[in-house]
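Everything below concerns the one structure shown next.
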Amino acid sequence: MKSQIVWLFGVVLILTALGIGIWLFPDADSTSQLVLSGVIEGRMIKVGSRLGGRIAEVDVAEGQWVKAGTRLVRFEAGRLLAERNRAAARVREAAVRLRELQRGSRPEEIEMARAKAEAARQELEKLRAGWRAQEIARARAALAAAEADWRNAQANYERLAQLYENDDISRQTLDEAERRVKVARARVRSAREQLSLLQEGFRAEEVAAAEQRYRAALAYQQLVEAGPRPEAIDRARAQLAQARAELAALDADLAETEVKAPLDCLVDVLDVRPGDLIAPGAPVAILVDPSHLWVRVFIPEPKLGWVHIGQEVTVTVDAYPGRTFRGRIEWISQRAEFTPRNVQTPEERIKQVFAAKVALENEGRWLHIGMPADVHIELASSDTNQ
């Protein structure tokens, strides 16, 4: 009887110790692994054109995997191409102009300028010196010859007129003789005017005009020999830089006529067709980055000491029973959240949670955005996280 009492007393002590342990450490056995639920999230990329416009081609389809740089959509670019060609022509023209200025005047240009200046100088000296005596003598001789021709023509006409009255010649012959008289008289008049001009010399305004032409030719010669001024070269260089900037801006606009994938990704949404008009900046496709998926979970405050950033975890999803995926705790919020948020009593404060982000390894692309997932966290000793 006494032994039974001792045995019962021992059982009571054991049960009491277990109860105290459970009361003091309610999660001692159940907290070796923490299971948190969430939904798989991912990076959604909206792509479009800064310029917009009318769609010419759609090169991919929804659900298609594409490499970085793959063209998704092309916009019409006829007007931009024409503007780009004109801008390229302006760049070439400005570059040629700058090279010409930097090389300076060509030898043939210098020789031509010198020849023009020399011709203008000789003309001016001739006007200043007046006509030479030999030229005046030649003019007088020309006048005398013209007068002699005129007298001979007049005498011949008078003789033929007598013959015509006697009906010895035709009227046509007489008319021809009269024409020769008129021609000879005109030559006499021209020779007299030429002699008069030579005797009078050049007028002052003619000399002044020749002086002005000579000064202009000499200034042009000096300008050509000196070559372009530095400010002209600087201006040409600035014009070339401006033309290149305009061309670069058009090249940037042309690049906006093609929407390309920024990385290896999945085309999730692509609801456009050729001919559609798209507003500037409006997205034409939504892409998913399969290499950057995560699950957002909420860690209860009492468990926070057993969890740390960088900790490896296991993830399961309903879509693949029995399969596990690797993950890593990437971020833990520094601020607690409450359930509900406005409860601050000591009894409910245990329901505080901290948001955490679990990055997933998605080899084979099994995981997709929107899948429910369970995150299994092996709880380490809180001492290891101090």
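Some points to look at:
- Residue match in region 288-302 (condition: in a loop (DSSP other than H, G, I, E, B) and more than 30 Å from Glu100 (Cα to Cα)): no
- Of the criteria (1) surrounded by fewer than 13 Cβ atoms within 10 Å (Cβ to Cβ); (2) at pLDDT below 85, which one Arg114 fails: (1)
- Selection status of Ala153, over 21 Å from the mean Cα position of the chain (by Cα) and either under 30 Å from Val272 (Cβ atoms) or modelled with pLDDT of 85 or more (or both): yes
- For region 235-285, filtering for residues that are touching a helix residue (DSSP H, G or I) at 6+ places or on another chain (Cβ under 6 Å) and acidic (Asp, Glu) leaves 2.
- Selection status of Arg84, out of contact with any helix residue (DSSP H, G or I) (no Cβ under 7 Å at 6 or more places or on another chain) and modelled with pLDDT of 85 or more: no
- Restricted to region 50-64, and to residues there that are under 17 Å from the mean Cα position of the chain (by Cα) and surrounded by 15 or more Cβ atoms within 10 Å (Cβ to Cβ), the residue that is farthest from Leu277 (Cα to Cα) is Leu51.
- Verdict on Gln334 being buried (at least 17 other Cβ atoms within 10 Å of the Cβ) and modelled with pLDDT of 90 or more: no
- Number of the condition not met by Arg97 [criteria: (1) more than 20 Å from Ala252 (Cβ to Cβ); (2) out of contact with any strand residue (DSSP E or B) (no Cβ under 9 Å at 6 or more places or on another chain); (3) among the charged types (D, E, K, R); (4) without any contact (Cβ under 8 Å) to a residue 60 or more places away in the chain]: (4)
- Within region 41-69, residues that are within 29 Å of Glu330 (Cβ to Cβ) sit with their Cβ atoms under 7 Å from residues that are β-branched (Val, Ile, Thr) and assigned to a loop (DSSP other than H, G, I, E, B), at 6+ positions apart or across chains, in these pairs: Glu41/Ile369; Gly42/Ile369; Val66/Val60.
- Residues in region 216-229 that are at pLDDT below 80 and either part of a helix (DSSP H, G or I) or hydroxyl-bearing (Ser, Thr, Tyr) (or both): Leu218, Ala219, Tyr220, Gln221, Gln222, Leu223, Val224, Glu225, Ala226.
- Meets criteria (free of Cβ contacts under 8 Å to residues at least 12 places away in the same chain and either within 27 Å of Leu367 (Cα to Cα) or not aliphatic (A, V, I, L, M) (or both)) for Gly78: yes
- Any pair with Cβ under 7 angstrom, 6 or more apart, that starts in region 339-362 at a residue that is over 19 Å from Gln311 (Cβ atoms) and ends at one that is at pLDDT below 85 and in a loop (DSSP other than H, G, I, E, B): Lys351/Phe338; Lys351/Thr339; Gln352/Phe338
- The residue list Ala209, Ala191, Ala146, Ala137 contains one member that is assigned to a helix (DSSP H, G or I), buried (at least 16 other Cβ atoms within 10 Å of the Cβ) and at pLDDT below 85, which is Ala191.
- In this structure, Val39 does not satisfy being surrounded by 11 or more Cβ atoms within 10 Å (Cβ to Cβ) and at pLDDT 95 or above.
The values are calculated or read from the model by the stated rules, or taken from the named source; none is laboratory data. Computed from a prediction, not measured in an experiment: that's the story for all the values here. Because the Cβ atoms are built from the backbone with ideal geometry, glycine has one as well, and the counts that use them run over all protein chains shown.
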